[in-house]
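The values are calculated or read from the model by the stated rules, or taken from the named source; none is laboratory data. This is a predicted model, so every value here is computed, not measured. Virtual Cβ from ideal backbone geometry, glycine too; neighbours counted across all protein chains shown.
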Amino acid sequence: MPTCTAAAHPNIAFIKYWGNRHEGLRLPVNGSISMNLAGLEARTTVRFEAGLPQDAFTLNGAAQSGAALERVSRFLDVVRGLAHSDQRAAVESQNNFPTGAGIASSAAAFAALALAASTAAGLELDEAALSRLARRGSGSACRSVPAGFVEWHLGTGDGDSGAVSIAPPEHWALADCVAVVAAGEKPVGSTAGHALAGSSPLQGARVADAARRLDLCRRAVLGRDFAALAEVVELDSNMMHAVMMTSQPALFYWQPASLTVMQAVGEWRRAGLGVCYTLDAGPNVHVLCAAAEAPAVSARLAELPGVRQVLTAGVGGAARRVA
Ligand code: PMV
């Protein structure tokens, strides 16, 4: 009975992926750069079994049905296609962080699932192939496969759109202090959100300027230049949220407490603290800083009104097999 357990970290995008040029294959309209989040992880076991009538999926101990199961099953179809197998699988997954609230749980989930399922199916994929496979489950999952600071290249198609590490975790001791302002499921998931990106008149300008922002961000990461990183990371997050807010229908992921945190971060930076904010498709605010400053930043965040919890993560490694 071929079984494999794999673990992967979520990642926080410094330069965001928002919008696909091919929805089914999850081919993005722009490249993106992220950092893996150490300490937070999805851990997934896949067991293929002859005679199972259908795939089964449990998340944090609860049996899943409907859309969640279908998404996993569709992903397993891709793995079965590569492995020339028709065996169904039992998938068990655990997250050690809140699901569905802007801490990219789908990224960690599909990176761990890609590694566990491909290994259990007898495939031996190299990192590049594994990253491209993870992309089919959730675009940003391709960035949770390689270690540390990661860039997802646009590519020309399915065969070359995947992520590579641009610097290992030990390159730069950064931390992400996640100010959790809501831990519930978000109203519009990112898959539906990507499909709306093109309806915003601002998306064209965001995409046209992406190569420039990627360049600034890559250079800031490689040169460990926090001031330059802060400027481009906040700009990129604001641009993506401007697109979201101006798509039709409009998507507002921010809550009042999100803005409270963003404004406080701006004030702290003007007062000399090395911090910046970025938000994915959810209300929680990711506050980046030097790892040495994380305890102080996290204590300040915890005092702001509306902040329920602060999770702190350093720079994480690659997706890995654990059993
Ligand atoms: O991978 P998805 O489909 O969940 O999209 C992620 C989109 C953002 O988190 C908002 C941005 C990003 O690049 O991670």
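General observations
- L25 meets all of the listed conditions (1) within 16 Å of the ligand (Cβ to nearest atom); (2) within 27 Å of A323 (Cβ to Cβ) but one, namely (2).
- Single match in D215, D209, D160, D236 (criterion: more than 21 Å from P283 (Cα to Cα), within 16 Å of the ligand (Cβ to nearest atom) and among the acidic types (D, E)): D209
- Cβ-Cβ contacts under 6 Å between residues 6 or more apart (or on different chains), taken from a first residue in region 279-291 that is over 15 Å from R269 (Cβ atoms) to a second residue that is in a strand (DSSP E or B), are listed as L279/V285; N284/V178; N284/V180; A291/A175.
Results for (1) over 21 Å from the mean Cα position of the chain (by Cα); (2) in a helix (DSSP H, G or I); (3) over 30 Å from A163 (Cα atoms), shown as yes or no for each residue.
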| residue | (1), (2), (3) |
| --- | --- |
| S247 | yes, no, no |
| A257 | yes, yes, yes |
| G272 | yes, no, yes |
| D280 | no, no, no |
| H286 | no, no, no |
| A299 | yes, yes, yes |
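- Selection from region 10-51 of residues that are among the β-branched types (V, I, T) and either surrounded by fewer than 24 Cβ atoms within 10 Å (Cβ to Cβ) or under 16 Å from the mean Cα position of the chain (by Cα) (or both): I12, I15, V29, I33, T45
- Region 279-310, residues that are buried (at least 24 other Cβ atoms within 10 Å of the Cβ) and not aliphatic (A, V, I, L, M): D280, G282, P283, N284, H286, C289
- Across region 131-167, the number of residues qualifying as within 15 Å of V79 (Cα to Cα), polar (S, T, N, Q) and not in a loop (DSSP other than H, G, I, E, B) comes to 1.
- Residue selection: S190 satisfies the criterion of being within 15 Å of the ligand (Cβ to nearest atom), under 20 Å from the mean Cα position of the chain (by Cα), surrounded by 13 or more Cβ atoms within 10 Å (Cβ to Cβ) and modelled with pLDDT under 95.
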